[in-house]
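Structure, as structure tokens:
The values are calculated or read from the model by the stated rules, or taken from the named source; none is laboratory data. Everything quoted here is computed from the prediction, not taken from an experiment. A quick note on method: Cβ atoms are made from the backbone with ideal geometry, for glycine too, and the neighbour counts reach across all protein chains shown. To get the accessible areas, we keep the full protein, side chains included, count just its heavy atoms, and leave off ligands, DNA and RNA. Shrake-Rupley method; radii C 1.70, N 1.55, O 1.52, S 1.80 Å.
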Amino acid sequence: MENIPELCQGLDMVTFAPGETLIQEGGKTGLLYVLASGCVEVIKGETPVTTICEPGAIFGEISLLLDVPHPASVAALETTVCHVIHGGRDYLVANPRMSLAVAELLASRLRGMIAYLADMKAQYSDRKDHLGMVDELLLDLAHRIPRR
């Protein structure tokens, strides 16, 4: 896998104070952020989804790649420093190593979700209520081809 922090050498840096929003759900910025230090929280609506503190984590890629509004907000939990890529889509087109790194990151996430899906199917296979349909819904989402 590509070393994302290494690929970010020379990129602009931005610092976020605790509580400051990097990405607002529903907005479109065209920016791509790469975590250099600190911790952020991903929030969907009012629901905290995950905390990310690993340098090299990327934010904004879903909106950027699909040309849709950001599906979740990202906020700094502590002083957080990120590399920022303006005009992210053009940057990815011009920088195939970073594009590969983003693809590898997304594939890794999908791999984790497939493992979770298999676990959900096993746990709820005997259910006849809405929990018994979770696997079908997730499988449909995982294999949906976006329309442009």
Pick from 111, 127, 89 the residue whose mean-square fluctuation is largest in a GNM of the chain, springs joining Cα atoms under 10 Å. 127
Rounded to the nearest percent, how much of the accessible area of the chain (1.4 Å probe, protein heavy atoms only) is carbon and sulfur? 58
Highest-fluctuation residue, 79, 50, 21 considered, GNM on the chain with Cα pairs under 10 Å: 50
Compute the orientation-averaged projected area for segment 32-89 from the convex hull of its Cα atoms and round it to one decimal in nm². 3.8
If you roll a 1.4 Å probe over the heavy atoms of the protein chains, what accessible area per residue do you get for the chain, in Å²? 62
Run the 1.4 Å probe and let me know the accessible area of residue 25, rounded to the nearest 10 Å². 60
Tensor-based shape of segment 1-121 (alpha-carbon gyration tensor, a/c under 1.5 rounded, otherwise prolate or oblate): rounded
With the contact rule set at Cα under 8 Å and sequence spacing of 6 or more, what percent relative contact order holds for segment 34-122? 29
Which residue, 27, 38, 60, tops the fluctuation ranking in a GNM of the chain built on C-alpha contacts under 10 Å? 27
Any idea what angle helix 96-124 forms with the longest principal axis of the chain, computed on alpha-carbon atoms, 0 to 90 degrees, nearest 10? 20
So which cysteines in the chain don't have a second cysteine's C-beta under 4.7 Å from them? 8, 82
Considering only protein heavy atoms, with the full assembly of protein chains and a 1.4 angstrom probe, order 13, 113, 98 by accessible area, largest first. 113, 13, 98
